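What follows is a single structure, written as structure tokens, with notes after it.
The values are calculated or read from the model by the stated rules, or taken from the named source; none is laboratory data. This is a predicted model, so every value here is computed, not measured. Heads up, the Cβs are rebuilt from the backbone with ideal geometry, glycines too, and the neighbour counts pull from every protein chain shown. With ligands, DNA and RNA removed, areas are computed over all heavy atoms of the protein, side chains included. Shrake-Rupley method; radii C 1.70, N 1.55, O 1.52, S 1.80 Å.
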Amino acid sequence: MKVLTILGARPQFIKAAAVSRVIREEVSELIVHTGQHYDANMSDIFFEELNIPKPDYHLGIGSGNHGKQTGEMLAKIEEIILTETPDFVLVYGDTNSTLAGALAAAKLHVPIVHIEAGLRSFNKKMPEEVNRILTDHISTLLLCPTDTAIQNLTNEHISEGVYNVGDVMYDAVLYNKELAASSTTILERENLTAKDYLLITIHRAENTDDVDRMKSILDAFSQIPDKKVWPIHPRTKHKLEDYGFKLDQIPNLHVIEPVGYLDMLSLETNAKKIVTDSGGVQKEAYFAEVPCVTVRDQTEWVETLIEDANILTGTDTDKIVAAVNKKVTPSYTPVFGDGKTSEKVLALLKEYLA
């Protein structure tokens, strides 16, 4: 059995590593890196420290408008599929790389495995939402992380090949948090005390591209007296500079350079609360049992909202401040599976070809 895995961003590599560790025991896997997201942290040490297989193909597509980027990926992935003749094309999540890989496979009648199928924010202004929907509607095996994702597909009349396998990100966090605990020194380097700071991550275009939304978010940070740590995304930093916002005027805000995955896990685990607009960070907060505030109008991870484990505020200043100050004691119900998603993926691949 040969699987061609399409990846385009650092979080996808981290998730794929969990699956690759299991399926490579019985399956031949080739990895294609589209190059969709350039990430300086994806050096050789990134792959070595996290035990991630290095890509067999690197397309070097880089950034660009959605149509141009997706089209270039589609053409190059099609060539690889014709050369390698895989039994499956496996894609993760909701990037342009995900859609391009799925489209290339569909046109060549190669079965598509979509891990993280069925997620919906119900906001088609988000390019990720469009990518999710289109990929799900042409996939062969739709491997969902939650019952909610299964229901979303049922509502769209998709039922064949649909399975709840749990969340592969949970597999990755369980594996990597042990590495983080033994190897990272981020708290010492940044002079931080566990459970004595808020962790901030803001990067989504729906926020960073809107000066009014960013002003509301920063106004909230100014009203929150707690120590705040912000590993700032380069794109966010440039946007704030363009808008003329001065982060050094926000009390107790400690802005740091972007950090690697293990450092980020340590920052998340040791924070007293997290403020984010990232889908992945919402879940990592839930896995770490750290309360989260999400500055978006919708979330595809509605399970995290149970018992205010995650509070959705949009960018309303007062709502953000109130959510950060609210004392919550969630029970963190295990709704994302048992950490054995990768084994279930392998079993379903074998079953399909049996």
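Of all positions in the range 293-304, at least one carries a residue that is of a type in the set (A, V, I, L, M), outside any helix (DSSP H, G or I) and touching a Lys or Arg at 6+ places or on another chain (Cβ under 7 Å).
A single member of Ala117, Ala104 is more than 16 Å from the chain's Cα centre (by Cα), buried (at least 24 other Cβ atoms within 10 Å of the Cβ) and among the small types (Gly, Ala, Ser), and it is Ala104. Scanning the range 1-13 for residues that are of a type in the set (A, V, I, L, M, F, W, C), touching a Leu at 6+ places or on another chain (Cβ under 8 Å), open to solvent by less than 10 Å² (accessible area, probe 1.4 Å) and touching a residue at least 40 places away in the same chain (Cβ under 8 Å) yields Val3, Leu4, Ile6. May I ask you to list the residues in the range 330-348 that are among the polar types (S, T, N, Q) and either part of a loop (DSSP other than H, G, I, E, B) or touching a strand residue (DSSP E or B) at 6+ places or on another chain (Cβ under 6 Å) (or both)? The answer is Ser331, Thr333. Here the condition is being crowded, with 17+ Cβ neighbours inside 10 Å, of a type in the set (D, E, K, R) and either touching a Cys at 6+ places or on another chain (Cβ under 7 Å) or assigned to a helix (DSSP H, G or I) (or both); of Glu79, Glu72, it holds for Glu72 alone.
A count restricted to the range 17-57 and to residues that are under 17 Å from Leu99 (Cα atoms) and of a type outside the set (S, T, N, Q) stands at 5. Among the residues of the range 310-329 satisfying the criterion of being open to solvent by less than 10 Å² (accessible area, probe 1.4 Å) and touching a residue at least 24 places away in the same chain (Cβ under 8 Å), which is nearest to Phe221 (Cα to Cα)? Top of the filtered list is Ile320. Pairing each residue of the range 71-83 that is under 15 Å from Leu30 (Cα atoms) with any residue that is modelled with pLDDT of 95 or more and in a helix (DSSP H, G or I), provided the two are 6+ apart or on different chains, yields C-beta distances under 6 Å for Ile77/Ala100; Ile77/Gly101; Ile77/Ala104; Glu78/Ala104; Ile81/Ala104. Scanning the range 146-165 for residues that are open to solvent by 50 Å² or more (accessible area, probe 1.4 Å) and either in contact with a strand residue (DSSP E or B) (Cβ under 7 Å, 6 or more places away or on another chain) or of a type in the set (Lys, Arg) (or both) yields Asp147, Tyr163, Asn164.
Thr294 satisfies every condition listed in (1) polar (S, T, N, Q); (2) touching an Asp or Glu at 6+ places or on another chain (Cβ under 9 Å); (3) over 19 Å from Leu192 (Cα atoms); (4) open to solvent by 10 Å² or more (accessible area, probe 1.4 Å) except (4).
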